Amino acid sequence: MTHFQRPAWRTRVSLLASLALLVSCGGDGSLSPAPAPATQPPSLMLSGVTVNKFRASRNEWGVLTERLQPLVDKTAPDRDLLLSAGGGQPQSVDLPQGWSLIDFALHPSGEISLVLATDTQLRLQRRGSDGRLIADMTLTDPEAPTDPFIGNSTPVTDPQSLVPLGTRDAVHLAPVGEDLLIAYRTGLNAVIAQRLTYNGGADFERRWRTIVEPGVPIDRIRLTSGTFDPFGSLDNQWQLVLDVDPQGRSAIAVSLGGTDLPKGHSEYFSEPLDPALVSGAMVTMLDANGHRVGATPVDTGVISEVHAVRWAGDSILVAGRMRTTLREDGGGWDGYLARVNPVNRTTQLQALDFDRGDVILDLAPLDDGRIAIAGSTAYVQNPTGASISETAEPLLAMLPATPGPAQRLPLPAGPRHNQVRTVAAWLQGWVIGGLQNGPGTHSADSNPTLLTCDGFLQAQNFQ
């Protein structure tokens with residue numbers, strides 16, 4: 001098994017390659033430094049990395065970037081964090097070698113929490129808005145090895161691990177004011193949520209711990225050929241998505257496909273599920289004190305993936321992609337949006353078909369009730385496999401407050417593969433980010449230099 005670690009020089013090189021970050025949107029790809037006033041939204045063009053996530057609090061903001069890597073047995077993302085304090089020029093955070101940065105949370109104070117992972121451990125850091133290290137601790141979870149496991153546990157190799165077998169990318173953070181909500185999948189494949197408080201010392205203090213899902217067998221999937229996985233589809237069965245609302249309620253969604261979760265969930269929680277439920281998502285709501293309010297299945301009825309979850313008032317929005325038809329031309333994958341009522345546990349599922357293949361990677365509810373969705377479209381996929389085309393267009397669309405037709409918004413497409421991976425608020429406006437000039441599954445099979453992309457971050461008007 002091959003594991004990737006960040007060489008000591010890589011963070012420095014990637015920073016030097018992206019020092020000219022604030023640029024005018026001239027369209028020629030040139031990097032001309034132009035520091036903007038704090039009232040102007042951030043605008044980035046980055047060479048060699050994608051923009052995965054943007055979050056802002058007042059004038060402070062952070063951007064999670066990622067350098068693309070070839071397929072390996074255990075995914076170890078190569079990510080960096082750029083921070084801008086008070087609207088100043090963003091700076092790269094110096095990360096510990098041997099650890100993968102997975103996610104970050106930006107608190108109202110402007111301080112940042114980070115989670116890092118090895119193949120078995122999770123590590124939390126608290127940093128100032130300027131990136132300076134405030135606290136650093138390895139997360140411990142003594143209960144994890146004895147958490148419930150439903151089914152054949154033979155594939156489990158390390159019950160002590162806080163990271164599952166297939167990927168390091170199975171943990172997410174969300175701010176709850178200055179507190180931190182962390183959700184992760186352990187070596188037993190259980191999904192755990194903890195709320196942690198940072199009191200200004202060296203450690204985070206646990207307020208509560210809740211079992212979101214018991215451990216169950218999970219399939220390992222790999223391509224028989226190809227170099228890259230454009231949508232992270234091969235790890236989706238291990239991953240989870242997380243959001244916290246202003247009341248401190250948590251929404252955690254995990255994929256059902258490729259797992260024995262329908263059986264394990266039903267047995268552990270004594271919540272009978274339809275035996276035909278094999279695809280879709282399970283969406284769990286926890287209150288601010290970690291009490292499990294309930295879980296709602298999203299039954300897509302076909303092969304599907306979960307990529308995003310967001311609160312919208314008292315509803316939970318879940319999005320991803322599903323294979324609605326099997327077409328010889330490589331189309332047939334559509335985006336989907338599920339509107340979940342966590343109280344009466346009902347779901348409205350809407351397929352979103354724009355152009356050939358579609359995927360929703362992020363979404364954001366607007367104040368007027370509309371929903372902005374972001375992702376990729378106009379790709380094709382091997383109808384009998386997982387290979388995704390090099391050509392794909394960026395997807396940005398608007399959905400009405402009640403289920404209805406989506407309106408695709410115009411967005412310039414760069415060369416090769418395009419994705420919009422993040423949509424988030426900034427002061428009174430909105431920002432989107434993602435990649436262009438990216439690879440398809442087979443782009444770098446014979447030429448490793450083609451396993452690259454260009455990241456972008458730009459203001460977006462949703463009027």
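See the values below:
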| item | result |
| --- | --- |
| Cα gyration tensor, the stretch 221-361 - rounded (a/c under 1.5), prolate or oblate | prolate |
| DSSP loop trypsin sites (Lys or Arg not before Pro) with at most 13 other Cβ within 10 Å excluded, longest remaining stretch of the chain | 223-463 |
| Estimated dipole of the chain in Debye, rounded to 20 [Cβ of Lys and Arg +1, of Asp and Glu -1, Cα centre] | 500 debye |
| Kirkwood-based shape ratio for the stretch 294-381, expressed as Rg/Rh from alpha carbons | 1.00 |
| Shape of the stretch 10-460, Cα gyration tensor, a/c cut at 1.5 | rounded |
| Gyration tensor (alpha-carbon) shape descriptor, the stretch 225-278, a/c threshold 1.5 | oblate |
| Percent RCO, i.e. relative contact order, over the chain, from Cα pairs under 8 Å lying at least 6 residues apart | 12 percent |
| Relative contact order (%) - criterion: Cα under 8 Å, at least six apart; region: the stretch 334-396 | 25 percent |
| Placed amide H near Arg356: partners under 5 Å, 5+ positions off or other chain | none |
| Karplus-derived HN-Hα couplings along the stretch 319-334 (A = 6.51, B = -1.76, C = 1.60, θ = phi - 60°), whole Hz, x at Gly and Pro | 9, x, 9, 8, 8, 6, 9, 10, 10, 5, 7, x, x, x, 8, 10 |
| Neighbour net charge for Leu256 - beta-carbon separation under 11 angstrom, K R +1, D E -1 | -3 |
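Every read-out reported here was derived from the displayed coordinates using simple, explicitly stated rules and does not represent laboratory data. None of these values were measured; they are calculated from a predicted model. With ideal geometry, Cβ positions are generated from the backbone for all residues, glycine too; neighbour counts draw on all protein chains shown.
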